Amino acid sequence: MAKRGFREEKLQKYTEFDSSKFYQDEDFKVFKVLINRLKKKYHLSTTDVLNFIQEEVMIPCTIFTKKLSPLETTVKYLKENLNTDYSKIAELLGRDRKTVWQAHKNAVVSLPEQLKPSETEYNIPVSVLKTELSILEAVASYLKDQFKLSYHQIGELLQRNERTVWTVYSRAQKKIKNV
């Protein structure tokens, strides 16, 4: 049996209502126009705009880079792109405030410019990162379990080798099993 893609699973969720009517709805059209205006006016991505709208902060997978550790990347994004203070970041990630401050300091040294996430359908809820797992373990597990992505696909998204992703995912599963 072939694996269904994420988009097909998403679409199946919405088969109970007529999507053609949804796309033709005036409120939906106005919403799209407003999001596009906000994106242009404030130079934000769709993910950034939606982060301001919804209660759950979402981390786009396209922020991850080889130049920074996953913790440094996440902290840098939350601090610089979403203007979150260190205390709030520490609370969101379940980390010590000093650890968060140091991660941001190291990230700025390694990568002085602001992260520029590109559009993606793969966003990680920040609540997923508040576990006993490392950031990379939590992100890899979320992408593997929720989106059914291959190790290769996850590796490309996170700019990591697929063997590293396999190792990290396996380690996360062992940690989860032992809890």
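Figures for the structure shown
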item: Matching residues in segment 12-43 - criterion: being at pLDDT below 80 and assigned to a loop (DSSP other than H, G, I, E, B); result: Tyr14, Thr15, Glu16, Phe17, Asp18
item: Pairs where the first residue, in segment 113-132, is closer than 28 Å to Asn178 by Cβ and the second is hydrophobic (A, V, I, L, M, F, W, C) and in a loop (DSSP other than H, G, I, E, B), C-beta under 6 Å, 6+ apart; result: Val126/Val57
item: Some residue of segment 106-118 being over 28 Å from Leu50 (Cβ atoms), assigned by TED's automatic domain parsing to the domain that holds Thr73 and touching a helix residue (DSSP H, G or I) at 6+ places or on another chain (Cβ under 6 Å); result: yes
item: All positions within segment 67-110 that are under 15 Å from the mean Cα position of the chain (by Cα) and either on the phi > 0 side of the Ramachandran plot or among the basic types (Lys, Arg) (or both); result: Lys76, Lys79
item: Residues of segment 170-179 that turn out to be in a helix (DSSP H, G or I) and either crowded, with 20+ Cβ neighbours inside 10 Å or without any contact (Cβ under 8 Å) to a residue 24 or more places away in the chain (or both), as a count; result: 4
item: Filter pass, Ser87 being farther than 25 Å from Gly155 by Cα and either out of contact with any helix residue (DSSP H, G or I) (no Cβ under 8 Å at 6 or more places or on another chain) or of a type in the set (Ser, Thr, Tyr) (or both); result: yes
item: Candidate set from segment 52-68 (those that are free of Cβ contacts under 8 Å to residues at least 40 places away in the same chain and either among the hydroxyl-bearing types (Ser, Thr, Tyr) or part of a loop (DSSP other than H, G, I, E, B) (or both)); member that is farthest from Leu92 (Cα to Cα); result: Gln54
item: Every pair of residues 6+ apart whose Cβ atoms lie under 9 Å, when the first sits in segment 142-162 and is over 16 Å from Thr73 (Cβ atoms) while the second is charged (D, E, K, R) and crowded, with 16+ Cβ neighbours inside 10 Å; result: Ser150/Lys144; Tyr151/Lys144
item: Enumeration of residues in segment 66-86 that are modelled with pLDDT of 95 or more and polar (S, T, N, Q); result: Ser69, Thr73, Thr74
item: Helices (runs of 4 or more DSSP H) fully within segment 82-158 counting 3 or more residues that are surrounded by fewer than 16 Cβ atoms within 10 Å (Cβ to Cβ) and charged (D, E, K, R); result: 97-110
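The values are calculated or read from the model by the stated rules, or taken from the named source; none is laboratory data. Computed from a predicted structure; not experimentally measured. Ideal geometry is used to build each Cβ from the backbone, glycine not excepted, and the neighbour counts take in all protein chains shown.
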